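All remarks here apply to the structure that follows.
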Amino acid sequence: MSAVLAIETSSHVGAVCLLRDGVAFKEIVRDNTKLSAWVVPAIDRVLRSAGLSAKALDAIAYGTGPGAFTGVRTACATAQAIAYAVNKPLQAVNSLTALASVFSTAYSSYPQFNWAKEEIKVILDARMSEAFTAGFIRASDKSLRMVSDTALQPIDQITFSENAAVLGSGAVIVARRMKLPEAVVNAITELTYTAENVWAESIARIAAILVAQGDAGIDPLTAEPTYVRNNVAKTEAERAEEARRDTFVRSEESTV
């Protein structure tokens with residue numbers, strides 16, 4: 001028996017999946033949900049649905065991002081804590097790779113994934129007019145190879161080829177900016193939504209393959225998210241210092 005728990009909370013989608021002998025037990029939420037409060041109860045519900053305890057898991061996996069700072073930390077910290085508590089292997093999976101990998105796994109219920117296109121581009125909305133991107137090539141044996149590293153790019157500099165299967169929350173934004181036909185935009189929207197529904201399942205399948213190959217995973221104590229963007233949050237000290245400088249500048253200007 002194989003049982004892998006996967007957690008993905010890097011974006012506007014929160015997803016957990018317990019893959020037990022190829023059968024997926026999962027829960028998904030979208031937008032306006034505080035993922036840090038949702039994820040642990042969701043994991044408990046998924047475990048109960050599968051009739052398993054955390055101690056019966058073979059491995060725990062998480063989407064490393066890139067994505068929202070709070071989101072990537074939530075997935076990492078939660079997976080880290082469970083793996084450490086039950087002494088099970090921990091697998092870290094790039095979130096963009098996992099989303100692209102839905103094309104390389106036999107999801108017979110999702111004909112959208114059976115596209116013949118070899119090139120796959122994932123574009124995730126990173127806010128602030130930017131997006132996280134990564135490019136992949138799918139080989140004839142359905143294996144996936146990353147051909148352009150995970151990067152942060154301005155939305156107005158991103159384009160994609162008609163020969164690529166494109167998906168992700170940012171792909172819809174880019175498609176509209178490129179003024180592509182509404183039918184194309186709708187197709188990308190539908191494909192993205194469907195792929196997001198199996199995002200955590202894809203992470204679990206990747207982790208299950210690694211475990212079957214004898215991959216020991218990573219030490220939970222050293223687990224980290226994938227950060228592509230520098231921290232945009234400001235500490236209270238940084239805000240206070242900026243306020244002090246602004247006050248000083250205004251007082252100097254008033255004396256001129």
Mean projected area in nm² (Cα convex hull; one quarter of hull surface) for the chain: 17.1
If you place +1 on the Cβ of every Lys and Arg, -1 on the Cβ of every Asp and Glu, and leave all else neutral, what size is the dipole of region 97-196 about its Cα centre, to the nearest 20 Debye? 40
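Computed over the Cα atoms of region 97-196, what is the ratio Rg over Rh, Rh following Kirkwood?
0.94
Using a simple charge model, +1 on the beta-carbon of Lys and Arg, -1 on the beta-carbon of Asp and Glu, nothing else, what dipole does the chain show about its Cα centre, in debye to the nearest 20?
Rounded to the nearest 20 debye, it is 440 debye.
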Return the percentage of antiparallel bridges among DSSP beta bridges fully within the chain, rounded to the nearest 5 %. 70
Mean ellipticity per residue at 222 nm, deg cm²/dmol - from DSSP H runs of n ≥ 4 across the chain, formula -39500 (n - 2.57): -12500 deg cm²/dmol
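Report the trypsin sites (Lys or Arg not before Pro) located in region 1-90 that are in a DSSP loop and have at most 13 other Cβ atoms inside 10 Å of their Cβ, or state none.
Sparse-neighbourhood loop trypsin sites (Lys or Arg not before Pro): LYS34.
Throughout, read-outs are computed from the coordinates displayed, never taken from laboratory work. In this text the structure is predicted, and so the values were computed from the model without any measurement. For neighbour counting, all protein chains shown are included, and Cβ atoms are generated from backbone atoms with ideal geometry for every residue, glycine included.
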